[in-house]
1. If the Cβ limit is 8 Å and pairs must be 6+ apart or interchain, which residue in region 26-39 that is closer than 14 Å to GLY62 by Cβ pairs with which residue that is assigned to a loop (DSSP other than H, G, I, E, B)?
2. If you go through region 196-209 one residue at a time, do you hit one that is within 16 Å of the ligand (Cβ to nearest atom), crowded, with 16+ Cβ neighbours inside 10 Å and assigned to a helix (DSSP H, G or I)?
3. Any residue in region 215-231 that is touching a strand residue (DSSP E or B) at 6+ places or on another chain (Cβ under 8 Å) and of a type in the set (A, V, I, L, M, F, W, C)?
4. Is one or more of the residues making up region 220-232 open to solvent by less than 40 Å² (accessible area, probe 1.4 Å) and outside any helix (DSSP H, G or I)?
5. The conditions are (1) exposed (fewer than 13 other Cβ atoms within 10 Å of the Cβ); (2) modelled with pLDDT of 90 or more; (3) closer than 23 Å to SER7 by Cβ, and LEU21 fails exactly one of them. Which is it?
6. Do we have any residue at all in region 50-58 that's under 30 Å from ALA177 (Cα atoms) and either open to solvent by 60 Å² or more (accessible area, probe 1.4 Å) or touching a residue at least 40 places away in the same chain (Cβ under 8 Å) (or both)?
7. What are the residue pairs meeting all of these: first residue in region 69-95, first residue under 18 Å from GLU26 (Cα atoms), second residue open to solvent by less than 10 Å² (accessible area, probe 1.4 Å) and in a loop (DSSP other than H, G, I, E, B), Cβ atoms under 7 Å, and 6 or more apart or on different chains?
8. Can you find, within region 30-44, the residue that is nearest to the chain's Cα centre (by Cα) among those that are under 16 Å from ASN66 (Cβ atoms) and surrounded by 17 or more Cβ atoms within 10 Å (Cβ to Cβ)?
Amino acid sequence: MEQKPISKAVIARLPRYYRHLGELMEEGVERISSNDLSLRMKVTASQIRQDLNNFGGFGQQGYGYNVKYLYTEIAKIMGVDRQHNLIIIGAGNLGQAIANYANFERRGFLIKGMFDINPRLIGRVVRGAEIMGVENLEKFIVDHDVQIAALTIPKTKAPEIADRLVAAGIKAIWNFAHTDLVVPDDVVVENVHLSESLMRLSYRVCSMQDEKERREKVQESGMAGKGKGERR
Ligand code: NAI
């Protein structure tokens, strides 16, 4: 299939398409129109058509989208039809929570090992992934063909570890440390910051409240104005 460069905005939406299509398959739905998918996903049908047209348009006029085909194609585009070997640096609360989440394996992300500097953690095993000392990092990456490293360590330690990861050949960093990493162009970083997401939520809920209060004030002043008018 011929592929044009896909915008970041479209790529950011792909996991959501993938999740909904996976659910549709579980429900036994074989095909779906852009309108029905739009109702389900609460985005416009034209957005769906535009997004999916990026990949050569999987839909057919009058037929809609073949759910399984679309699901498989999106999996290929996102690379979740392949196996990715992953390590976690920092086996504290967050690192262990990630290691304990079984669903990543179903998406092809295999957690091969974890690394920490705390001697009390070293040697423990979390869902099959052993916690090792960071001195073993480089050798482990090469021996286990590791492509992705999750960074769940304090932000002050993250740049140094990131440099070591890059030097050892890591091409993707899933960064949970609250710092912006500087890496070469051929290394990709995906920042995941729950607090930033929470701040965006805070902004939205505050704007809704402010808007509600503004409307109430306008309504009140309107009613007060009417009252004055009536008295005159
Ligand atoms: P934690 O203190 O439970 O775990 C951190 C672990 O990193 C510890 O086990 C520690 O021994 C280890 N560590 C420290 N320096 C290291 C190094 N140089 N190499 C390898 N391991 C090292 O902390 P928690 O709660 O798991 O959080 C980890 C990091 O993730 C923190 O920086 C926190 O701010 C961040 N965080 C980010 C979130 C996000 O949404 N991005 C959400 C929660 C935490």
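The values are calculated or read from the model by the stated rules, or taken from the named source; none is laboratory data. In this text, all values refer to a predicted model and were calculated from it rather than measured experimentally. For neighbour counting, all protein chains shown are included, and Cβ atoms are generated from backbone atoms with ideal geometry for every residue, glycine included. When the accessible area is computed, the model is the full protein with side chains, heavy atoms only, and any ligands, DNA or RNA have been set aside. Shrake-Rupley method; radii C 1.70, N 1.55, O 1.52, S 1.80 Å.
1. Between residues of region 26-39 that are closer than 14 Å to GLY62 by Cβ and residues that are assigned to a loop (DSSP other than H, G, I, E, B), the close pairs are ARG31/TYR63; SER34/GLY59.
2. Residues of region 196-209 within 16 Å of the ligand (Cβ to nearest atom): 196-202.
With crowded, with 16+ Cβ neighbours inside 10 Å added as a condition, the list becomes none.
Within region 196-209 (the criterion being within 16 Å of the ligand (Cβ to nearest atom), crowded, with 16+ Cβ neighbours inside 10 Å and assigned to a helix (DSSP H, G or I)), the answer is no, since none of the residues qualifies.
3. Going residue by residue through region 215-231, those that are touching a strand residue (DSSP E or B) at 6+ places or on another chain (Cβ under 8 Å) are none.
Among the residues of region 215-231, not one is touching a strand residue (DSSP E or B) at 6+ places or on another chain (Cβ under 8 Å) and of a type in the set (A, V, I, L, M, F, W, C), which makes the answer no.
4. no
5. (1)
6. Let us first name the residues in region 50-58 that are under 30 Å from ALA177 (Cα atoms), namely none.
No, the conditions are met nowhere in region 50-58.
7. Close Cβ pairs satisfying both conditions: GLU73/PHE55.
8. LEU37
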